[in-house]
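Colleague: First, the structure itself, so that you have it in front of you.
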Amino acid sequence: MTVADPGSPPDVRLRFDPALLNLMLFGRVSRVRTALTGGVAARGRRPWLLLPFLRVLRTPPPPHPQA
């Protein structure tokens, strides 16, 4: 990620359904299924930059069940 001047066009513009994005980020729904059903769409000058970003994005681990 880099910081650009205000007003410059974004590399990637992401449109998503919040619930589906959450399920996708936590691995409950596949990325392909989410994209094909319209739950997530990437547009912009360089939409392929979203894939490396999603590889380094870390989500919190699932909570451990209480004994």
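Colleague: Which residue, Val32, Val56, Gly44, has the largest displacement toward the positive end of the dipole of the chain when charges sit on each Cβ (Lys, Arg +1; Asp, Glu -1)?
Modeller: Val32
Colleague: Counting pairs of alpha carbon atoms under 8 Å apart in space and at least six apart in sequence, what relative contact order in percent does the chain give?
Modeller: Numbers: 49 pairs, mean separation 25.1, N = 67.
Result for the chain is 37 percent.
Colleague: Give the accessible surface of region 1-43 per residue, rounded to a whole number of Å², with probe radius 1.4 Å and ligands, DNA and RNA excluded. Please list the in-between numbers first.
Modeller: Working: 3490 Å² over 43 residues.
Accessible surface, normalised per residue, equals 81 Å².
Colleague: Still on this structure, I have one more. For the chain, which whole-number percentage of the solvent-accessible area (1.4 Å probe, protein heavy atoms only) is attributable to carbon and sulfur atoms? Intermediate values should be presented prior to the final figure.
Modeller: Working: 3600 of 5890 Å².
Percent of accessible area from carbon and sulfur atoms in the chain: 61.
Colleague: Dipole of the chain, Cα-centred, from +1 at each Lys and Arg C-beta and -1 at each Asp and Glu C-beta, to the nearest 20 debye? The partial results should precede the final answer.
Modeller: Working: 10 positive and 3 negative charges, 41 e Å.
Its charge dipole is roughly 200 debye.
Colleague: Hey, another quick one. Scan (i) -0.27, -0.93; (ii) -0.30, -1.03; (iii) -0.34, -1.02 for the value of log10 I(q)/I(0) by the Debye sum over Cα atoms at q = 0.11, 0.22 Å⁻¹ calculated from this model and give just the label.
Modeller: Step by step, log10 I(q)/I(0) by the Debye sum over Cα atoms at q = 0.11, 0.22 Å⁻¹ for this structure corresponds to label (iii).
The values are calculated or read from the model by the stated rules, or taken from the named source; none is laboratory data. Computed from a prediction, not measured in an experiment: that's the story for all the values here. Positions of Cβ are generated from backbone atoms using ideal geometry, with glycine treated the same way; all protein chains shown enter the neighbour counts. Accessible surface is based on the protein model in full, side chains and every heavy atom, while ligands, DNA and RNA are left aside. Shrake-Rupley method; radii C 1.70, N 1.55, O 1.52, S 1.80 Å.
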